[in-house]
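Below is one structure, written out as structure tokens; comments come after it.
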Amino acid sequence: MIWFGWYYVVGGSQFSGEVIAFDANQHDVQVHMEIRKDTDATGYCTIRSQDAAGAEVGRADFRFDQKTERIDKVVTLKT
């Protein structure tokens with residue numbers, strides 16, 4: 001199983017996301033993400049999981065709108 005992620009931000013705010021680690025099994029993938037952003041910025045990170053042939057088997061959007069500059073979060077994506 002392969003993961004892929006990207007982020008989307010409205011406006012000119014600074015926002016970046018990084019996958020620190022992931023753990024996959026037959027049913028889901030847990031993704032440990034670190035988000036760095038302007039305190040008031042909000043945005044979405046989209047995580048996609050793919051099988052070995054590259055076909056998408058899961059996708060989810062995760063919103064980050066906490067009033068902080070750094071967010072360390074583990075999210076689960078069903079596959």
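The values are calculated or read from the model by the stated rules, or taken from the named source; none is laboratory data. Values in this document were obtained by computation on a predicted structure and should not be read as measured data. Reconstructed Cβ throughout: ideal geometry from the backbone, glycine too, with neighbour counts over all protein chains shown. With ligands, DNA and RNA removed, areas are computed over all heavy atoms of the protein, side chains included. Shrake-Rupley method; radii C 1.70, N 1.55, O 1.52, S 1.80 Å.
General remarks:
- Residue pairs meeting the criteria (Cβ under 6 Å; at least 6 apart or on separate chains; first in a loop (DSSP other than H, G, I, E, B), in region 40-67; second open to solvent by less than 40 Å² (accessible area, probe 1.4 Å) and among the charged types (D, E, K, R)): none
- Positions within region 1-41 being modelled with pLDDT under 85, surrounded by 13 or more Cβ atoms within 10 Å (Cβ to Cβ), among the small types (G, A, S) and more than 17 Å from D61 (Cβ to Cβ), in sequence order: S13
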